[in-house]
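Everything on this sheet refers to the single structure shown next.
The values are calculated or read from the model by the stated rules, or taken from the named source; none is laboratory data. This is a predicted model, so every value here is computed, not measured. A quick note on method: Cβ atoms are made from the backbone with ideal geometry, for glycine too, and the neighbour counts reach across all protein chains shown. Just so you know, the surface numbers come from the protein's heavy atoms only, side chains and all, with ligands and any DNA or RNA stripped out. Shrake-Rupley method; radii C 1.70, N 1.55, O 1.52, S 1.80 Å.
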Amino acid sequence: MITEKEVRIVLIDDHKLFREGVKRILDFEPSFEVVAEGDDGSMASKLVKENAPDVVLMDINMPEINGVQATADLVRYFPNSKVIILSIHDDESYVTHALKTGAQGYLLKEMDSDALIDAIKVVSDGGSYLHPRVTHNLVKEYRRLAKENSSSIADKGIEYRKPLHLLTKRECQVLQLLADGKSNRAVAETLYISEKTVKNHVSNILQKMNVNDRTQAVVSAIRKGWVEVI
């Protein structure tokens, strides 16, 4: 029988109650183990050196060294570190700064347990994961540019078409909803299908579009005119 690999996690957050809640969620996942906890970014390098985690969950706002600076330090001294930022901020500037620093995931603290578990699995496997609302905010600029391009193309009598040569009709619907910033659960509710089915569709979309994660898929789809821009 094939079992999931164990994912070792370091959790750093200065709010003890929130940290305990996250740990309780992770303890229910058989393949996860929280190997160490800290309450400030100043502890990050020491905890990573001592525990060799697969993923670091890092609060963005901490009193001494914030999560972005701590991530920069980790990436410098431990280049293979995989960090997921936990934040209350969905502003594009926060997200962009964190990703440029080296974080591979960005979750809002309002996340549900499924999103947290999915993010850890994706990042531990080498992918990247953004909270759906964060994804939506990041592509606003692409949407604006896409609108301009669409107007220019419309003037020339050229029409964009859905990528039915590549994706199924259902996959096109899922891709559009991802571009709208919907989570897997919201996509499932909109299309009256299970979350497992949504995950299968997303996996197929990523494979067919030859991209690594849903953010890349959405950005690529907007550039190509495969989704409606609002």
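Any idea what angle helix 16-27 forms with the longest principal axis of the chain, computed on alpha-carbon atoms, 0 to 90 degrees, nearest 10? Between the helix axis and the principal axis of the chain, the angle is about 70 degrees.
Within the listed set 193, 60, 205, the Gaussian network model of the chain (springs between alpha-carbon atoms below 10 Å) gives the highest mean-square fluctuation for 193. Taken about its Cα centre, region 159-224 carries a charge dipole of about 140 debye when Lys and Arg each add +1 at the Cβ and Asp and Glu each add -1 at the Cβ. For the chain, the solvent-accessible area with a 1.4 angstrom probe is 53 square angstrom per residue.
Equivalent ellipsoid semi-axes for the chain, as square roots of 5 times the alpha carbon gyration tensor eigenvalues: give them largest first, rounded to whole Å.
Over the Cα atoms of the chain, the ellipsoid semi-axes are 34, 20, 15 Å.
Each Cα pair under 8 Å and six or more residues apart adds its sequence gap; the mean of these over the residue count of the chain is a relative contact order of 14 percent. Helix 113-124 axis versus longest C-alpha principal axis of the chain: approximately 90°, rounded to the nearest ten.
Using R0 = 25 Å, the C-beta based FRET efficiency linking residue 189 and residue 110 works out to 0.90.
Structural descriptor for region 7-139: relative contact order 21 percent, calculated from alpha carbon pairs under 8 angstrom and at least 6 residues apart. With the full set of protein chains in place, find how many percent of the accessible area of the chain is carbon and sulfur; take the probe as 1.4 Å. C and S atoms contribute 50 percent here. Working note: 222 nm ellipticity from helices only, DSSP H runs with n ≥ 4, each -39,500 (n - 2.57), summed and divided by the residues of the chain, gives -16000 deg cm²/dmol to the nearest 500.
Ranked by the mean number of other Cβ atoms within 10 Å of their residues, highest first, the peptides 44-50, 164-170, 110-116 fall in the order 44-50, 110-116, 164-170. In this structure, the pairs whose alpha-carbon distance is over 29 Å, taken from 46/100; 49/182; 23/182; 199/224; 82/224, are 49/182; 82/224. Using C-alpha pairs below 8 Å separated by at least 6 residues, the relative contact order for region 159-224 is 32 percent. Structure remark: mean-square fluctuation, Gaussian network model of the chain, C-alpha springs under 10 Å; the largest value among 86, 74, 26 belongs to 26.
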